[in-house]
1. From the Cα gyration tensor of the stretch 1-120, with a ≥ b ≥ c the square roots of its eigenvalues, which class applies: rounded if a/c is under 1.5, or else prolate if a/b is larger than b/c, or else oblate?
2. Once the piece of chain linking A5 and Q194 is laid out straight, how much longer is it, given 0.36 nm per residue of separation minus the C-alpha distance between them?
3. Work out how far the C-alpha atoms of the stretch 9-254 reach from end to end along every principal axis, then list the three figures in whole Å, largest first.
4. Project the alpha carbons of the stretch 55-142 onto their principal axes and report the range along each, largest first, in whole Å.
5. Could you tell me which GluC sites (Glu not before Pro) in the stretch 149-207 are loop residues by DSSP with no more than 14 other beta carbons within 10 angstrom of their beta carbon?
6. Taking a ≥ b ≥ c as the square roots of the eigenvalues of the Cα gyration tensor of the stretch 153-257, is the shape rounded (a/c under 1.5), prolate (a/b larger than b/c) or oblate?
7. What is the mean projected area of the alpha carbon convex hull for the stretch 1-46, to one decimal in square nanometres?
8. Determine the gain in length on full extension of the stretch D20-S84; use 0.36 nm per residue of separation and subtract their C-alpha separation, reporting nm with one decimal.
Amino acid sequence: MTRAAIPLIHVENLYKSFEDGEVLNGISIDIHEGDLVSIIGPSGCGKSTFLRCLNCLEYIDSGTITIAGVTVSRTGKEKELDKSFLEACHHMRQEVGMVFQSFNLFPHRTVLENVMLAPMVVKKASEEEAHEIALRLLEKVGLSEHAHKYPATLSGGQTQRGAIARALAMNPKVMLYDEPTSALDPELVGEVLQVMKDLDNEGMTQIIVTHQMRFARNASDYIVFMDGGEIVEMADGDVLFETPQNKRTKAFLRHFS
Ligand code: ADP
Ligand code: MG
């Protein structure tokens, strides 16, 4: 596949701190349409915060994030979040689907209703349209026969596949996943990863924070290694695992060999 010249996601010099200090220390990265990118790194290094910034769930201190032509940018000086910033966030969120480790589905709605909600509430789709969208997506993630069940009656793997269907119902340009399989029993991990592989084959752009090193290595176009709020190294999976360049990457990967 030929690469579009303009990256779908362009992040430049992103800084983010909480009261306790700097969490993202100048992240810059370009991600192209259709890429499947895995982010790995030690606990607390800023992976979740980075994903949350990409989905405008955190306010950034400074830097620029552009996704599908929508730019969110701050100089860090102004205390007030100006209107254009919030508007840009609102736009950007429409382009980005996100799946968390758990608690992704509303418990008092069936799986089908969960998936129908976003198109109806956010996209103002009719019930009929939303129903059609939801059935198609549930089929895609292999949940057709569970459409009318409540989340509590599903396995963790089914729940996460339902969560992916629900995020897809917004028709996002990018899917973000924050450790989507970390809460799952080992035998259920594969079915969730398979959905991501299927989406990759369809050309979806995806960023996944994961500890599934085999998946990261084999399924992603490249792996980003983060440490201390920075991108330390990024490379093709085999290259990163076989010939990591940075000593922090080497030290981290030693845990997985
Ligand atoms: P990771 O996902 O790589 O484990 P996180 O992005 O969750 O790392 O966290 C990075 C750092 O930011 C940690 O030190 C964490 O305690 C801190 N942090 C994350 N979210 C918040 C928050 N809402 N308020 C204060 N500190 C936070
Ligand atoms: Mg995290």
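Each value in this text was obtained by applying a stated rule to the coordinates, not by laboratory testing. This structure is a prediction, so every number in the text was calculated from the model and none was measured. Quick reminder, even Gly has a Cβ in these numbers, built from the backbone with ideal geometry, and neighbours come from all protein chains shown.
1. On the way: a/c = 1.44, a/b = 1.28, b/c = 1.12.
In terms of gyration-tensor shape, rounded.
2. On the way: separation 189, 0.36 × 189 = 68.04 nm, distance 2.88 nm.
Using 0.36 nm per residue and subtracting the Cα-Cα distance, I get 65.2 nm.
3. Sorted largest first, the three principal extents are 50, 46, 31 Å.
4. 46, 27, 22
5. Working: sites: E187, E191, E202; in loops: E202.
Those that pass, being in a loop and sparsely packed, are E202.
6. In terms of gyration-tensor shape, prolate.
7. Working: hull surface 16.1 nm².
Its average projected convex-hull area is 4.0 nm².
8. Numbers: separation 64, 0.36 × 64 = 23.04 nm, distance 2.79 nm.
Net length gain for the segment: 20.3 nm.
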